[in-house]
Amino acid sequence: MAVEIEAFQKISKQADAHGARLVAVSKTKPASDILTLYEAGQRMFGENYVQELLGKHPVLPGDIAWHFIGHLQRNKVKYIAPFVSMIQTVDSLPLLQEINKQARKAERTIDCLVEVHIAREDSKYGVSEADLLEMVEKVQAAPGEYTHVRLRGLMGMATFTDDIKVVQGEFRNLKTISERVRARFGELSASFTELSMGMSADYEWALEEGSTLIRVGSRLFGARV
Ligand SMILES: *Cc1c(COP(=O)(O)O)cnc(C)c1O
């Protein structure tokens, strides 16, 4: 299936109109498809698997901002830390510590989002609001320790359903949680501004609810097999 340039232009415009940015989710798609979208102007790409990202990164332009959006194992952080732009799926303090350690080794600072569980399904990853608050509290209490990561906000995935009310409610919930973090940790509020929510099926609702990063794959690259 060909890359959907018209859909790309439409979705980019929609994101722009809401002050949000598009992360083109390219998992399972070849580097040539990524290059097609790159040549159309896209710079942020999202990948879910470390091995796959390691195969694509060296053969594609160096100014691509790679967002890691899959479940990340601690022992694999070292492979992506030298170049990844943002890790959207931080779901534990030990993972954040490992990212910090590997970013320091690579002499970089990595932007991170905490993945929050907002869906009804329990198959999805992510932390509860209580775990999130505890995590942020520990990070804020040890400013000398987390020098090579920046907590930039939250990421969430809505329930897979046609029920717009359910999805809207979950996006709204993520935004509310983010506002509570900012209210409680005032020193964070200037930088804790990203809200990564919305995929091919629900990005328009996510934009309405204040998403700053939409993660769209199949609408741009066609269905995955
Ligand atoms: C695959 C994936 C997406 C993109 O999904 P589409 O429905 O193809 O747009 C977005 N976010 C995450 C976390 C994903 O794994």
Regarding ASP91, is this residue of a type outside the set (Ser, Thr, Tyr), modelled with pLDDT of 95 or more, touching a Gly at 6+ places or on another chain (Cβ under 7 Å) and surrounded by fewer than 23 Cβ atoms within 10 Å (Cβ to Cβ)? yes
Quick count over the stretch 134-148, residues being part of a loop (DSSP other than H, G, I, E, B) and over 18 Å from ASP91 (Cβ atoms), is 6
Checking ALA183, ALA201, ALA206 in turn, the sole residue that is assigned to a loop (DSSP other than H, G, I, E, B) and either closer than 23 Å to LEU151 by Cβ or within 16 Å of the ligand (Cβ to nearest atom) (or both) turns out to be ALA201
Being buried (at least 16 other Cβ atoms within 10 Å of the Cβ), within 9 Å of the ligand (Cβ to nearest atom) and either assigned to a helix (DSSP H, G or I) or free of Cβ contacts under 8 Å to residues at least 40 places away in the same chain (or both) narrows it down to one of ARG219, ARG215, so name that one. ARG219
Would you please name the residue that is farthest from the chain's Cα centre (by Cα), looking only at residues in the stretch 13-33 that are within 23 Å of VAL77 (Cα to Cα) and buried (at least 20 other Cβ atoms within 10 Å of the Cβ)? LYS29
Picking from THR161, THR176, which residue would you name as being polar (S, T, N, Q), within 16 Å of the ligand (Cβ to nearest atom) and surrounded by fewer than 21 Cβ atoms within 10 Å (Cβ to Cβ)? THR161
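The values are calculated or read from the model by the stated rules, or taken from the named source; none is laboratory data. This one's a predicted model, so the numbers in the text were calculated from it and none came from an experiment. Here the Cβ is made from the backbone with ideal geometry for all residues, glycine too, and neighbour counts use every protein chain on show.
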